Amino acid sequence: MRARTPDGVLLGPAEVDPDAKPGYPGGKAEGEATLAAGAERLAQLQELLYANGVAGTGTAAGHDPSLLLVIQAMDTAGKGGIMRHVVGAMDPQGVQDAAFKAPTDEEKAHHFLWRVRPHVPQAGFVGVWDRSHYEDVLIHRVRGLTSLPEIEQRYAEIRDFEQELVAGGTRILKVMLHLSKDEQQGRLAERLDRPDKFWKYSPTDVDERAYWDEYMEAYGIAIAQTDTDHAPWYIVPANRKWYSRIAVQELLIGALEDLDLEWPPADFDVDAEKRRLAAS
């Protein structure tokens, strides 16, 4: 299987135009209005998920559901904007976010999935991973940090890990924010022109640009190896930040709607409590 665009078409990174806006005919102004309107719906659905987790009502399969959003991208692709403008619309008490940087010495001493397991979202929560276990097949493949046979084994372990999460009630969405090399160059140049953006710039970003084609190939292989019906990949064109935000928002809304949750029933006598409250 190959990757899925927001409108459901299966594609690979090389076949997705980073400037495209599939499924959305409007422009930036309309997109920003769409994002604002969708924020309310997303917040409502997340509250519904959180309420079910708190109440412990469970699903037909016997598990209290959760949702995991995995975001992978090259630097400057807009992960921070997704966190602020999309994830930021949800109640933070029901969100568990984690950003996976370069592994520490302790993390390197363990199996590559060791550091992500503690961040699997609890029942009722939306988990958001800014980069993830996929770093251990992307960077490792490009930089030759791990042998190819071991990387092939890691793809299988990732599939098993994600199947385990789904079996436990976690819905998974995996998003690649797909940026063009030229667009990244422009965004890095903007950071160098603005003192308030210096902190976001790293000289290693330029070093990594030398491996752009290798990264695109590594993404394509990883996505082809791990895109499944239960843990699908979505390639979101990211040259237009406003589009990538509404695309990810729509994916979250769709995933939460698909859970088909209802508000937990009261575990007390509502009429009796009304009488008690009126008399208090």
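The values are calculated or read from the model by the stated rules, or taken from the named source; none is laboratory data. All of these numbers come straight from a predicted model, not from anything done at the bench. Every residue, glycine among them, receives a Cβ derived from its backbone with ideal geometry; neighbour counts consider all protein chains shown. Heads up: the accessible areas ignore ligands, DNA and RNA and are worked out on the full protein's heavy atoms, side chains in. Shrake-Rupley method; radii C 1.70, N 1.55, O 1.52, S 1.80 Å.
Structure notes:
- 222 nm mean residue ellipticity, helices alone, for the chain (DSSP H n ≥ 4; -39,500 (n - 2.57); rounded to 500): -15000 deg cm²/dmol
- If you sort the three axes of the alpha carbon gyration tensor as a ≥ b ≥ c, you get a/c of 1.5 or more for the range 105-190 and a/b no higher than b/c, which makes it oblate.
- One chain, two ends: Glu47 and Glu157. Fully extended at 0.36 nm per residue, the span grows by 36.3 nm beyond their Cα-Cα distance.
- The range 127-280, accessible area per residue, ligands and nucleic acids excluded (1.4 Å, Å²): 50
- A simple spin-label model places pseudo-atoms 7 Å from Cα toward Cβ; at Glu30 and His230 they are separated by 3.9 nm.
- Translational diffusion coefficient of the range 220-280 (Stokes-Einstein, Kirkwood radius from Cα pairs, 4 °C, 1.567 mPa s): 81 µm²/s.
- Estimated at the nearest 10 Å², the accessible area of Tyr24 is 40 Å² with a 1.4 Å probe.
- Gaussian network model of the chain, springs between alpha carbon atoms under 10 Å - residue of Thr228, Thr76, Thr204 with greatest fluctuation: Thr204
- Under 5 Å between amide hydrogens, built in the peptide plane, is the criterion, and for Val128 it picks out Leu69, Gln96, Asp97, Ala98 among residues at least 5 positions away or on other chains.
- Between helix 270-279 and the chain: long-axis angle, C-alpha atoms, 0 to 90°, nearest 10: 70
- Candidates Ala255, Ala238, Ala266: whichever shows maximal mean-square fluctuation once the chain is modelled as a Gaussian network with Cα springs under 10 Å: Ala266
- Selected from Asp193, Asp267, Asp229 as most flexible by GNM, with the chain as the system and alpha-carbon contacts under 10 Å: Asp267
- Summed side-chain charge close to Gln163 - residues other than Gln163 whose Cβ falls under 11 Å, Lys, Arg +1, Asp, Glu -1: -4
- Principal-axis tilt of helix 241-258 within the chain, Cα atoms, nearest 10 degrees: 40
- Gyration tensor verdict on the range 148-280 (Cα atoms; rounded if a/c is under 1.5, prolate if a/b is larger than b/c, oblate otherwise): oblate
- Counted residue by residue at 0.36 nm each, then reduced by the alpha carbon distance between them, the extension gain from Lys101 to Glu257 reaches 53.0 nm.
- Kirkwood-Stokes translational diffusion coefficient of the range 83-151, alpha-carbon pairs, 25 °C, 0.890 mPa s, µm²/s: 180
- Fraction of accessible area attributable to carbon and sulfur, the chain (%, probe 1.4 Å): 51
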